[in-house]
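Undergrad: Sharing a structure with you now.
The values are calculated or read from the model by the stated rules, or taken from the named source; none is laboratory data. The shown structure was predicted, so the numbers you read here are calculated from the model rather than taken from an experiment. A quick note on method: Cβ atoms are made from the backbone with ideal geometry, for glycine too, and the neighbour counts reach across all protein chains shown. The protein model used for the area step is the full one, side chains on, heavy atoms only, and it has no ligands, DNA or RNA in it. Shrake-Rupley method; radii C 1.70, N 1.55, O 1.52, S 1.80 Å.
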Amino acid sequence: MPHEDGPAYYPIVATVSLRAPIVLDIYEKRRLDNQPSSPGRDSEPNFRILQEPRSLLITTDRLYTDYLHGIAERTTDEDLSSDTICNWDLLGDREEYMQAKSYTRQTRVSLTYRDVLKVAKVGNSIKFLSAKR
């Protein structure tokens with residue numbers, strides 16, 4: 001489901017993808033009164049980013065503030081080509097995707113790095129319990 005990371009993490013989020021590729025869909029936020037505030041499941045994304053294993057995606061500026069992102073609930077990413085993937089020219093292994101034009105999803109590991117601006121100070125209010133032997 002398309003979402004945003006919110007102002008607590010602004011201005012930058014970095015994501016490292018490991019093990020398997022995934023397609024990240026990018027949707028422009030709707031700011032007009034007569035349109036929904038977020039896209040529905042049937043909406044087409046404005047951009048599609050193919051995140052390869054060992055890739056780094058940095059989200060900042062307008063991509064962070066003016067767009068939503070999400071990974072569609074499906075088992076296969078299809079229609080993979082230079083016409084549909086906005087970072088096609090940056091991919092390390094385009095040949096694999098060019099031949100199949102699809103990818104059956106496998107387990108992906110995502111490491112997301114965020115700089116949280118405000119952190120609650122709860123250290124003094126938490127009591128730790130331990131079992132003494």
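Undergrad: Taking 0.36 nm per intervening residue step and subtracting the Cα-Cα distance, what contour gain separates S43 from M1 on full extension?
TA: Values: separation 42, 0.36 × 42 = 15.12 nm, distance 1.07 nm.
Roughly 14.0 nm would be gained on extension.
Undergrad: Then there's this: Using only the heavy atoms of the protein chains and a 1.4 Å probe, how would M98, M1 rank by accessible area, largest first?
TA: M1, M98
Undergrad: Got a number for the accessible area of V16? Probe 1.4 Å, square angstrom, nearest 10.
TA: That residue has around 40 Å² of solvent-accessible surface.
Undergrad: Something else about it: Please report the accessible area of T104 (heavy atoms, 1.4 Å probe, ligands and nucleic acids excluded) in Å², nearest 10.
TA: Here the accessible area works out near 90 Å².
Undergrad: Rounded to the nearest percent, how much of the accessible area of segment 72-116 (1.4 Å probe, protein heavy atoms only) is carbon and sulfur?
TA: Ligands and nucleic acids excluded, carbon and sulfur give 42 percent.
Undergrad: Using a simple spin-label model with points 7 Å from Cα along the Cα→Cβ vector, what separation in nm is obtained for Y113 and L18?
TA: Placing both labels 7 Å along Cα→Cβ, they lie 1.4 nm apart.
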